[in-house]
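Each remark here refers to the structure printed beneath this line.
The values are calculated or read from the model by the stated rules, or taken from the named source; none is laboratory data. Worth saying up front: this structure is predicted, and the values here are computed from it rather than measured. Cβ coordinates were reconstructed from backbone atoms using ideal geometry, including for glycine residues, and neighbour counts include every protein chain displayed. What goes into the accessible areas is simple: the full protein's heavy atoms, side chains included, and nothing from ligands, DNA or RNA. Shrake-Rupley method; radii C 1.70, N 1.55, O 1.52, S 1.80 Å.
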Amino acid sequence: MTLTIVLQILTVYVGFCSSYISTSGLYPKIQRNYGAIGTKCFVKADRKQFNILMAATESPISQKKKVVVLGGDGFCGWPTALYLSEQGHDVIIMDNLSRRKIDVDLGCDSLTPIANIQERCNVWNALSGNKLQFKYLDLMKDYQELLDFFVAEKPDTVVHFAEQRAAPYSMKGPREKRYTIDNNLSGTHNLLCAIVESGLDIHVVHLGTMGVYGYGTSGGEIPEGYLDVILPGGRPSKILHPAYPGSVYHLTKCLDALVFQFYNKNDGIRVTDLHQGIVWGTNTPQTIRDERLINRFDYDGDYGTVLNRFLMQAALNIPLTVYGTGGQTRAFIHISDTARCIEIAINNPPAAGDKVEIFNQVAETLKVRDLATLISDKTGCGVRNLENPRKEDAENELEVSNKKFCSLGLDPITLEMGLLDEVVNIAGKYQGRCDKSKVLPSSFWNKARAEAAASDKARIEELK
């Protein structure tokens, strides 16, 4: 059956039906050449999905664009920059290297030995034959330089990773709280203000967090950004999902969302906001090509995610430290899928005049204690419960919709697929670089949490 006939049939189908269709196998030619329809997803066949499919048949998904990656030296930014470069995009990294400076402040380096940014770019360019560029710029402070850069380079897309990304660090003390607010909000606002002043149509792709929704039990599936509600008097409306931040870091992401709504409404800036789960994994097919391209791996109590901390502890054969009951449910996504999702967002920008597009960038959800059990079963490492340094519910459920990314080609890597590889090839290989004194939490949400930790017998035992 030809592609034309398939599309004609689909046109009739969309016009008369709104049932769910399986997209893994109906359109192999489109799937192979364009990646527009993913496998393992069921997508509602409405007019919007049909328009996406038609657009994908008109031009390849890998259409070259000039992309600026803000924060491109960081944990998510670096592998994303390489992935976009490999896909044929013209990529410029912009970073003030603040994450490396925080390493010095905390006295804790990445577990993996990361090269300096210029060497990273040079190695990638030599291996790939591409021209990945780096520009040093502080988004919070260098507004005029940012504006001049946009006018000169005229990028199609800006990917915004340039924010302090750790919830524990944002709660460490007044200095870190104030820095997180100043850096994240000023940087985001300067970006949008510069785009308006430049007069350019630049699509902003922002890496947000699932934490904007909060981690209470919502009683149902969390939609992608917007809620359909009935206002008093029976008036239907669509509103942003209520924000419920759990840290100063999460607070900045909630405020970012409002800034995006204003500049989208007032100035027509096209924005895609990605509410991402906890990222796991270290290397991607791009970073693994040379030791000097390796991605960073944070394991400390401030920047190490729960999964990285568990992986490091398993490699050292010390008990996995679960906070509280471990009943907190979190969303997860592999670092390779983060990069893929970013390109999907780049290649599917909102149309002019459309509202802010919001995607839930997650692969799966899991309770922390179940994650600990999964790693313990694979490695034989024990588990130890500590007083929770965070002020949060002891137990919560988390059901998340990710239909948009699935409909556009995401076939995610799951925890079951790659956990043991991370333990052996990363945490195990570099365990000699680990400072064990940095693994336990050193940032507490309030004085009550700090006092509880100070008298926690399990923590005291862990410190011996």
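When region 244-256 is filtered for residues that are crowded, with 22+ Cβ neighbours inside 10 Å and within 15 Å of H189 (Cα to Cα), the ones remaining, listed by number, are T252, K253, D256. Annotation: of all residues in region 390-406 being in contact with a Ser or Thr (Cβ under 7 Å, 6 or more places away or on another chain) and outside any loop (DSSP other than H, G, I, E, B), the one that is surrounded by the fewest Cβ atoms within 10 Å (Cβ to Cβ) is E395. The helices (runs of 4 or more DSSP H) falling completely within region 93-207 that include 1 or more residues that are closer than 30 Å to K436 by Cα map to 98-106, 117-128, 167-170, 174-198.
Taking region 356-394, which residues are of a type in the set (S, T, N, Q) and under 30 Å from F260 (Cβ atoms)? Matches in region 356-394: N360, Q361, T365. Scan region 68-116 for residues that are among the aliphatic types (A, V, I, L, M), touching a residue at least 24 places away in the same chain (Cβ under 8 Å) and open to solvent by 10 Å² or more (accessible area, probe 1.4 Å) and the total you get is 5.
Are any residues in region 262-316 more than 30 Å from G129 (Cβ to Cβ), under 16 Å from the mean Cα position of the chain (by Cα) and aliphatic (A, V, I, L, M), and if so, which ones? Please lay out each step first, then the result.
Narrowing region 262-316 to residues more than 30 Å from G129 (Cβ to Cβ): 262-271, 273, 275-278, 280, 298-316.
From the residues that got through so far, the ones that are under 16 Å from the mean Cα position of the chain (by Cα) too are 271, 273, 275-278, 280, 298, 303-308.
Once the filter is applied, which keeps residues that are more than 30 Å from G129 (Cβ to Cβ), under 16 Å from the mean Cα position of the chain (by Cα) and aliphatic (A, V, I, L, M), region 262-316 yields V271, I278, V306, L307.
Taken across region 367-376, residues that are assigned to a helix (DSSP H, G or I), open to solvent by less than 50 Å² (accessible area, probe 1.4 Å) and in contact with a Pro (Cβ under 8 Å, 6 or more places away or on another chain) do not occur at all. Count of region 100-125 residues, restricted to those that are acidic (D, E) and more than 23 Å from the chain's Cα centre (by Cα), is 2.
Restricting region 327-383 to residues that are over 24 Å from A394 (Cα atoms) and charged (D, E, K, R), the residue that is nearest to the chain's Cα centre (by Cα) is D337.
Hey, can you tell me all the residues within region 347-366 that are hydrophobic (A, V, I, L, M, F, W, C), farther than 17 Å from A331 by Cβ and open to solvent by less than 30 Å² (accessible area, probe 1.4 Å)? Lay out the reasoning, then the answer.
Filtering region 347-366 down to residues hydrophobic (A, V, I, L, M, F, W, C) leaves 351-352, 356, 358-359, 362-363, 366.
Subset that is farther than 17 Å from A331 by Cβ: 351-352, 356.
Matches in region 347-366: V356 only.
Cβ separations smaller than 6 Å between residues 6+ apart or across chains give the following pairs from region 330-359 residues that are small (G, A, S) to residues that are open to solvent by 20 Å² or more (accessible area, probe 1.4 Å): A331/T365; A331/V400; A339/Y83. Listed by position, the strands (runs of 3 or more DSSP E) enclosed by region 260-330 that each have at least 3 residues that are under 21 Å from S443 (Cα atoms) and open to solvent by less than 10 Å² (accessible area, probe 1.4 Å) are 320-323. Of the residues P168, P174, the single one that is open to solvent by 70 Å² or more (accessible area, probe 1.4 Å) and either more than 19 Å from the chain's Cα centre (by Cα) or not aliphatic (A, V, I, L, M) (or both) is P174.
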